[in-house]
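Q: Structure incoming, see below.
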Amino acid sequence: MIQTKDEKIGTVSYLIIKEKLKFQRGKINIQKLATSAGVSRPWIYKYFGSSEEEMILNAIDCMAPQLTELTKKDDEPTTPKEWARFFLKSLDITLNEAEVYPDFFQFYFLSMLFPDQFSQRLLHHEGLYQEKRVIPRIQKVFKFSYPDAKAFSEMIFSLRMGVVMSWMREENKTKVNRQKILGTVRKYIFDQFKEL
């Protein structure tokens, strides 16, 4: 199957993250990476830069939507009840993304434990997404002030990442088990608010 340029960039991004995760202290083998992705070394240098650090930062920029941008803009909720459904839908998508890209999520969690320029780049993407999409959405739906919407947004993102971390440790990743997790979140968080 022939990949488009964007698909190749996505493939190489994931392989860069995977290689970095595998060889924390060692160098990424560019030739092995190029062979695995079906591209040339010059192609990688053209789209990702020449240094390992630059390649990883560019790979993070490409992969960041796996953590943040999960739904289309036309899915905007307008009521608290719609927002709860919207959140559960995005959580379900995130759990699926964690199955498809487990190395990226593992890289994310390790980066948060050991802060460096890579965790800063990931936090930058999270911050942009919250400022541009999540906080305004929460303000609109719940009529919260900016500080309250920001605190709520951070809490929701932490909840989502906590659920993902738990799901990644789950040995029996079935659709039924995923629905149980979503049901638990709905029951213990959203069902507590009767107005939702």
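The values are calculated or read from the model by the stated rules, or taken from the named source; none is laboratory data. Since we're looking at a predicted model, the values are computed, not measured. All Cβ positions, even for glycine, are placed from backbone atoms using ideal geometry, and neighbour counts span all protein chains on display. Please note that ligands, DNA and RNA were not included when accessible areas were found on the heavy atoms of the full protein model with its side chains. Shrake-Rupley method; radii C 1.70, N 1.55, O 1.52, S 1.80 Å.
Q: Scan segment 30-46 and report the pairs whose first residue is free of Cβ contacts under 8 Å to residues at least 12 places away in the same chain and whose second residue is of a type in the set (A, V, I, L, M), with Cβ atoms within less than 6 Å and a gap of 6+ or a chain change.
A: Matching pairs, first to second residue: Ala34/Ile44; Ser40/Ala34; Arg41/Ile30; Arg41/Ala34.
Q: Of the residues that make up segment 56-77, is at least one closer than 24 Å to Lys5 by Cβ, at pLDDT below 90, within 13 Å of the chain's Cα centre (by Cα) and open to solvent by 60 Å² or more (accessible area, probe 1.4 Å)?
A: Scanning segment 56-77, I find at least one residue that is closer than 24 Å to Lys5 by Cβ, at pLDDT below 90, within 13 Å of the chain's Cα centre (by Cα) and open to solvent by 60 Å² or more (accessible area, probe 1.4 Å), so the answer is yes.
Q: Follow-up. Which one is farthest from Ser111 (Cα to Cα), of the residues in segment 1-31 that are part of a loop (DSSP other than H, G, I, E, B) and among the charged types (D, E, K, R)?
A: Of everything passing the filter in segment 1-31, Lys27 is farthest from Ser111 (Cα to Cα).
Q: Within segment 96-107, count every residue that is without any contact (Cβ under 8 Å) to a residue 60 or more places away in the chain and open to solvent by less than 50 Å² (accessible area, probe 1.4 Å).
A: Qualifying residue count, segment 96-107: 1.
Q: May I pose another question? Can Val176 be described as modelled with pLDDT of 90 or more, β-branched (Val, Ile, Thr) and surrounded by fewer than 13 Cβ atoms within 10 Å (Cβ to Cβ)?
A: Taking the combined requirement at face value, the residue satisfies it.
Q: Would you call Arg169 among the charged types (D, E, K, R) and surrounded by 13 or more Cβ atoms within 10 Å (Cβ to Cβ)?
A: No: the conditions fail for Arg169.
Q: Name, by its number, the condition in (1) of a type outside the set (D, E, K, R); (2) touching a Gly at 6+ places or on another chain (Cβ under 9 Å); (3) modelled with pLDDT of 95 or more that does not hold for Phe48.
A: (2)
Q: I've got another one for you. Select from segment 15-27 the residues that are under 23 Å from Leu67 (Cβ atoms) and surrounded by fewer than 19 Cβ atoms within 10 Å (Cβ to Cβ) and list them in ascending order.
A: Correct list: Leu21, Lys22, Phe23, Gln24.
Q: Something else about it: What tally of residues in segment 128-147 results from selecting those that are open to solvent by less than 60 Å² (accessible area, probe 1.4 Å), in contact (Cβ under 8 Å) with a residue 60 or more places away in the chain and over 15 Å from Leu67 (Cα atoms)?
A: 3
Q: Something else about it: Between residues in segment 1-16 that are within 16 Å of Val100 (Cβ to Cβ) and residues that are at pLDDT 95 or above and of a type in the set (D, E, K, R), which pairs lie under 7 Å by C-beta distance while being six or more apart or on different chains?
A: none
Q: Filter segment 179-196 for residues that are touching a residue at least 60 places away in the same chain (Cβ under 8 Å) and open to solvent by 60 Å² or more (accessible area, probe 1.4 Å); which is nearest to Tyr108 (Cα to Cα)?
A: Arg186
Q: I want to confirm something. Restricting to segment 116-164 and keeping residues that are of a type in the set (Ser, Thr, Tyr) and more than 25 Å from Leu95 (Cβ to Cβ), which single residue is farthest from the chain's Cα centre (by Cα)?
A: In this case the residue turns out to be Ser145.
Q: Moving on. Does segment 83-95 include one or more residues that are under 15 Å from the mean Cα position of the chain (by Cα), farther than 23 Å from Ser166 by Cβ, acidic (Asp, Glu) and open to solvent by less than 70 Å² (accessible area, probe 1.4 Å)?
A: Within segment 83-95, none of the residues are under 15 Å from the mean Cα position of the chain (by Cα), farther than 23 Å from Ser166 by Cβ, acidic (Asp, Glu) and open to solvent by less than 70 Å² (accessible area, probe 1.4 Å).
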